[in-house]
Amino acid sequence: MKIVKIRRVGNSNVITLPREFEALGFTPGTEVAIDYTADGGLHILPINKVKQNFDDIVRRVVAEDREALDLLAAYDRGEPRGHGK
């Protein structure tokens, strides 16, 4: 755990990250997502990790619900409903 101070720069509050966090992907110019946690903290993730997590979830949902998604796509195209209905 590192202790750092929140500083004001212009109209923003800034938290400086020690350089050792660069090895974890927190390099200058890296976009991050910040979320407030229920316990009063902040959760910071590099955007590339957020996108990767999102893509993984989408792939899993599509794989699990392929039949329902195919039925919805057919409905959107105006095709007759499947399964003899």
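The values are calculated or read from the model by the stated rules, or taken from the named source; none is laboratory data. Computed from a prediction, not measured in an experiment: that's the story for all the values here. When we count neighbours, we look across all protein chains shown, and the Cβ atoms used for this are built from the backbone with ideal geometry, even at glycine.
A few comments on the model shown:
- Qualifying residue in the range 65-72 (condition: part of a strand (DSSP E or B), surrounded by 11 or more Cβ atoms within 10 Å (Cβ to Cβ) and without any contact (Cβ under 8 Å) to a residue 24 or more places away in the chain): no
- Within the range 5-31, being touching a strand residue (DSSP E or B) at 6+ places or on another chain (Cβ under 6 Å) and within 14 Å of L42 (Cβ to Cβ) holds for I6, N13, V14, I15.
- Candidates are the residues of the range 30-54 that are at pLDDT 90 or above and either part of a loop (DSSP other than H, G, I, E, B) or among the charged types (D, E, K, R) (or both); the one that is surrounded by the most Cβ atoms within 10 Å (Cβ to Cβ) is T30.
- Close Cβ contacts (under 9 Å, 6 or more residues apart or on different chains) running from residues in the range 1-29 that are part of a loop (DSSP other than H, G, I, E, B) to residues that are acidic (D, E) and surrounded by 10 or more Cβ atoms within 10 Å (Cβ to Cβ) comprise P28/E22.
- Breaking point among (1) part of a loop (DSSP other than H, G, I, E, B); (2) closer than 30 Å to I3 by Cα, for G78: (2)
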